[in-house]
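As structure tokens, the structure follows; a few thoughts come after it.
The values are calculated or read from the model by the stated rules, or taken from the named source; none is laboratory data. Just so you know, these numbers come straight off a predicted model, no measurement behind them. Because the Cβ atoms are built from the backbone with ideal geometry, glycine has one as well, and the counts that use them run over all protein chains shown. Each accessible area value is taken on the protein alone, full model and side chains, heavy atoms only, with ligands, DNA and RNA left out. Shrake-Rupley method; radii C 1.70, N 1.55, O 1.52, S 1.80 Å.
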Amino acid sequence: MSQKDLDRIWRAVLGELEVSMSGANFKTWVKNTHLLELGDTQAVVAAPNIFARDRLEHNYNGEILSALQKQEPSIESITYQIKTASTAAEEDIRLDRPTEKPTTPQKTKQSANNRQSQISLPKNLEAKYNFTNFIVGSGNRLAFTAARQVTENPGESYNPLFLYGPAGVGKTHLMWAISFEIARSHPDFKILYVTSEDFTNNFINAIRKGEKFADTYRTVDVLLVDDLQFIAGKEKTQEEFFHTFNALHQANKQIVLCSDRPPKAIATLEDRLRSRFEWGMVADIQLPDFETRVAILQSKASSRQFDLPDNVASHLAELLQTNIRELEGALTRLIAHCQANATPITTEIVDQVIGGGATARPSRTTLSPKIVIEKTAAFYDLTTADLIGPRRDKEIVVPRQVAMYIMREELGISFPRIASSLGGRDHTTIMHGVRKINAELTKNDSVSHEIKTLKQKILNG
């Protein structure tokens with residue numbers, strides 16, 4: 001069977017899947033696949049990377065096989081391989097259009113001598129924030145791989161790339177690493193890294209001074225925006241960012257966004273922006289597990305030419321179970337103490353210097369419904385009065401149900417007590433809310449990530 005026939009069959013399969021799957025999951029995991037081979041009973045499908053392959057095999061194989069069987073009933077199984085679009089398909093396109101002139105690339109590189117030089121990047125940060133010294137673990141592997149992919153094909157692979165996770169887990173590190181890597185491989189590119197606060201302030205200043213705000217942001221090749229959650233509720237800023245996003249995306253310019261929560265969890269964010277943020281890859285970065293914390297400590301110590309014994313690194317990683325910033329701060333204090341006192345580092349020294357100031361994860365007994373409600377309200381940019389009150393707007397009902405679910409799962413308290421904590425509601429309302437979130441968790445990855453992020457915030461104080 002020719003590649004042209006394979007492509008025709010696969011287009012029909014993709015059409016079927018696009019209707020049956022959520023838009024975000026389809027675009028992230030399925031859209032960039034290709035049908036490589038079709039045998040008597042088996043098909044071979046190409047996935048763009050190892051994470052997509054694993055997700056297709058374990059999460060979506062049944063749906064894909066069912067859609068393919070509608071086109072080819074004899075197929076009984078699918079094998080997934082890591083491979084991009086085949087050269088055979090490209091050859092078919094050339095043979096189909098023998099007289100067609102080559103199209104002009106949407107993104108044309110210009111000589112560095114003929115265009116404005118890129119916005120300068122702080123070289124003092126390059127040695128600290130690069131891909132080489134980013135410690136990869138189970139909680140950040142997908143985000144790391146997506147970030148590397150972006151630097152290899154800016155504007156093509158994942159656009160936009162949306163990274164999210166709690167504070168201090170390496171989101172900004174990855175954004176700077178992307179900036180420096182693209183600047184190295186594309187020295188003529190204009191790169192701009194800003195926080196959402198910078199974007200808002202620049203927009204306000206441009207209005208005040210009567211300047212053309214678009215000239216700064218819509219002429220870059222790569223735009224990286226940190227702490228994006230802070231544009232929520234700012235209507236004029238969101239309007240301007242919407243037009244900036246569209247202009248860059250349509251020109252195949254790379255956009256990288258960063259937030260402490262996924263797009264769906266950013267309250268008072270316009271739906272048109274939320275949907276655009278989910279066009280490319282949405283990847284979460286979780287708090288580092290034990291093995292990753294040990295590796296981070298050893299890497300940081302090595303970069304400072306400090307000998308950190310394995311047992312001390314393990315002890316410190318057990319003691320500090322929060323974010324990377326706290327790990328690095330603790331290590332800095334230990335190194336300073338040992339150097340000032342000319343003493344070797346030991347687990348006893350760790351307990352003496354760090355023990356009292358360590359932030360351990362609180363147990364369930366230290367939590368309370370009040371804390372869960374306060375943290376949930378803050379996460380969704382609401383007030384505790386919103387969650388406890390009578391309003392039934394969607395942007396309040398869903399966070400309220402999330403709070404119900406967390407109180408039930410993490411605190412293990414009764415439905416009537418949860419009802420009392422949330423303004424004296426009927427306990428059947430609580431049961432319905434908990435069931436609703438449980439159902440969403442089984443079918444919606446973004447909800448699962450969202451609640452996992454919120455739990456981390458609640459458990460880490």
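Observations on the model:
- Distance between the pseudo-spin-label points of Lys370 and Ile82 (7 Å out from Cα toward the beta carbon): 5.1 nm.
- Ranked by the mean number of other Cβ atoms within 10 Å per residue, highest first, peptides 415-424, 219-228 order as 219-228, 415-424.
- Mean accessible surface per residue for the chain, computed with a 1.4 Å probe while every protein chain stays in place, in Å²: 49 Å²
- Candidate residues Thr145, Thr200: accessible-area rank, largest first, probe 1.4 Å: Thr145, Thr200
- Scattering profile of the chain at q = 0.09 Å⁻¹ [log10 I(q)/I(0), Debye over alpha-carbon scatterers]: -0.75
- For segment 256-381, a Kirkwood hydrodynamic radius built from all Cα pairs, placed in the Stokes-Einstein relation at 10 °C and 1.306 mPa s, yields a translational diffusion coefficient of 91 µm²/s.
- Cβ-derived FRET efficiency at R0 45 Å, Asn61 paired with Asp310, nearest 0.05: 0.65
- Taking each residue as 0.36 nm, the span from Arg417 to Val353 lengthens on full extension beyond its C-alpha to C-alpha distance by 18.9 nm.
- Sequence of Met281, Met431 from largest to smallest accessible area, 1.4 Å probe: Met431, Met281
- Gain on full extension, evaluated as 0.36 nm per residue between Asn133 and Ser299 minus their Cα-Cα distance, stands at 59.0 nm.
- Relative contact order, percent, the chain [alpha-carbon distance under 8 Å, six or more residues apart]: 13 percent
- Backbone N under 11 Å from the Thr268 label point (7 Å along Cα→Cβ), restricted to segment 376-399: 381-383
- Inter-part distance where segment 296-315 and segment 37-82 are each reduced to a Cα centre, Å: 44 Å
- Distance between modelled label sites at Glu156 and Lys394, nm, 7 Å Cα→Cβ extension: 3.7 nm
- Remark: accessible surface ordering of Asp426, Asp5, Asp310 (largest first) is Asp310, Asp426, Asp5, probe radius 1.4 Å.
- Members of Lys171/Lys264; Lys4/Lys83; Lys70/Lys264; Lys31/Lys457; Lys171/Lys394 lying beyond 22 Å, as alpha-carbon distances in this model show: Lys70/Lys264; Lys31/Lys457; Lys171/Lys394
- Dipole magnitude for the chain: computed about the Cα centre from +1 point charges on Lys and Arg Cβ and -1 point charges on Asp and Glu Cβ, it is near 1060 debye.
- Carbon and sulfur %, accessible surface of the chain computed with the full protein complex present, 1.4 Å: 49 percent
- Under 5 Å between amide hydrogens, built in the peptide plane, is the criterion, and for Gly168 it picks out nothing among residues at least 5 positions away or on other chains.
- 5 Å binning of all Cα-Cα separations within segment 1-73, expressed as whole percents from 0 upward: 3, 16, 31, 29, 16, 5, 0
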